[in-house]
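The values are calculated or read from the model by the stated rules, or taken from the named source; none is laboratory data. These figures come from a predicted structure and were not determined experimentally. As a convention, Cβ positions derive from the backbone with ideal geometry for all residues, glycine included, and neighbour counts pool all protein chains shown. Quick note on the areas: whole protein, heavy atoms, side chains included, nothing else; ligands and nucleic acids left out. Shrake-Rupley method; radii C 1.70, N 1.55, O 1.52, S 1.80 Å.
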Amino acid sequence: MDDDLPALIFSATPGAQSREARALRRDAAAGRLVRVQRGVYVPSEGWARLKPWRRHVVRVRAAVAALPADCVVSHGSAVAVHGLPSVQGDPPRVHVIDRRRASTQTTPVLVKHAGGLEEHEVERVGDLLVTSELRTAYDVARSSGFDDGVLCLDGVMRRRLLVAGRLPRVDEMRARVDDLRDEFRLRFEVMAGRTVGRRGEGALERALSFATPLSENGGESLVRVALHRLGAPQPVLQEEFFDARGFVGRCDFFFADFGLVLEFDGFGKYSDPRMLAGSSPAEVVRREKKREAQLLGTGRVRRVERCDIDDVLDPRRLAAIVRRGGVPLRSGRASASWS
């Protein structure tokens, strides 16, 4: 997974005034290098092409190089290494679990958590020891807020259902949601017995009760969280529509009582060559318009609205879109700030 990461350049000579250290600082000042942390640099060109979560993996590798070998990458840093969805693409600190510690230690660049880990809760990803996806979801949901907890749990649930790289049909996934939640609860109860303190248990349960594998990506998970904050009625996820000629499409969110389909558009669908698959952005838009007309022709849909990440991050914009589709929101929630 790390083939695209730039090589780390370490200052091997101790002392901030060594010739080597001064040369690295000059290259950083000139823009040829980026300082990842004290004494560790990467080429600027390689750094610039990385997405935020991949930049955090570079920070993880730099930090772990100076830590005892039995420290395990955890929390938001494990999210980045596993490539799970997160609100914080590049968290400000690297997180590890140090099983020798009795309490948490925090520095400007590193958080060492105390805690016990079973063998099955630790995986090797490349040359890094990382908490398993399930343990990572447990730690994040307890400590990082509802948003990140839901995103991480959604992603782990979805991966849990993969068989030979393929997901079950939507109806099968929907039928397994409660069983997944119950399975996770049982596993989390065991983890709680080895966790220092009981802080975050309520946050974990709130995120788990909301989590579902039916969100196809982190963006859709964020939409769900935002709609929940706005007081919207709960939509049906990944609803499938048919007309007289057969299958029309599967939609991200369907407010059945109001006939509203809400679709989340990631920016990549208009710019990522892999998603475009040889089509132009204009062709993508034309196909969307045709699909919208077919959805309206099913008789179940009265309106189709679209939102993107900017709408999701501004509750007033998302509220306006949903209300335009005829869906009521509980009063006083549309002005809530995103956190």
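Please compute the net charge surrounding Gly326, taking Lys and Arg as +1 and Asp and Glu as -1 over other residues with Cβ under 9 Å from its Cβ. Around Gly326, the charge tally is +4. Cut-off 12 Å, label point 7 angstrom out along Cα-to-Cβ of Asp171: give me the residues of region 230-244 whose amide nitrogen falls inside. Inside the label zone: 240. Note on Arg324 and Arg185: the model spin-label points, each 7 Å out from Cα along the C-beta direction, lie 4.0 nm apart. Under a 10 Å cutoff between Cα atoms, tell me which one of Ser44, Ser18, Ser86 has the largest fluctuation in the Gaussian network model of the chain. Highest fluctuation of the listed residues: Ser18.
Overall, the anisotropy analysis places region 119-169 in the oblate class: the square-rooted eigenvalues a ≥ b ≥ c of its C-alpha gyration tensor yield a/c not less than 1.5, with a/b not exceeding b/c.
For the residues Thr107, Thr195, Thr136, a GNM of the chain with alpha-carbon springs under 10 Å puts the largest fluctuation on Thr107.
Helices meeting the span-like rule in the chain (full DSSP H runs, Cα extent of at least 30 Å along the helix axis, mean Kyte-Doolittle score of 0.0 or higher) are absent.
Within the accessible area of the chain, what % is carbon and sulfur when the probe is 1.4 Å and the other protein chains stay in place? Mind showing how you got there, number by number?
Working: 8820 of 17360 Å².
Reported share for carbon and sulfur atoms: 51 percent.
Matching the structure-derived Rg and Dmax of the Cα atoms in Å against the labelled list (1) 34.6, 111; (2) 20.5, 63; (3) 22.7, 76 gives the label (3). Three semi-axes describe the equivalent ellipsoid of region 171-271; taken as square roots of 5 times the Cα gyration tensor eigenvalues and ordered largest first, they are 32, 16, 13 Å.
Where Lys and Arg each count +1 and Asp and Glu each count -1, what net charge lies around Asp252 among other residues with Cβ under 11 Å from its Cβ? Write down the numbers at each step before the final one.
Numbers: positive: Arg224, Arg250, Arg306; negative: Glu216, Glu220, Glu239, Glu263, Asp265, Glu305.
After counting each charged neighbour, the total is -3.
Classify region 81-187 as rounded, prolate or oblate from the Cα gyration tensor: take a ≥ b ≥ c as the square roots of its eigenvalues, call it rounded if a/c is under 1.5, otherwise prolate when a/b beats b/c and oblate if not. Spell out each step's value before the answer.
Details: a/c = 1.97, a/b = 1.84, b/c = 1.07.
It is prolate, given that a/c is not under 1.5 and a/b is the larger ratio.
Please compute the net charge surrounding Ala29, taking Lys and Arg as +1 and Asp and Glu as -1 over other residues with Cβ under 11 Å from its Cβ. Intermediate results must be reported in sequence, preceding the final value.
Working: positive: Arg22, Arg25, Arg26, Arg32, Arg35; negative: Asp27.
So the environment of Ala29 carries a net charge of +4.
Surface exposure of the chain, expressed per residue as accessible area with a 1.4 Å probe, stands at 51 Å².
Rounded to two decimals, what is Rg over Rh for region 194-247 when you use alpha-carbon atoms and the Kirkwood radius?
1.17
Full extension of the chain between Leu313 and Glu288 yields a length gain of 6.6 nm, computed as 0.36 nm times the residue separation minus the alpha carbon distance.
Write down, largest first, the equivalent ellipsoid semi-axes of region 12-79 in whole Å, where each equals the square root of 5 times an eigenvalue of the alpha-carbon gyration tensor. Can you show the working numbers first?
Values: eigenvalues 112, 62, 8 Å².
Ellipsoid half-lengths, sorted descending, are 24, 18, 6 Å.
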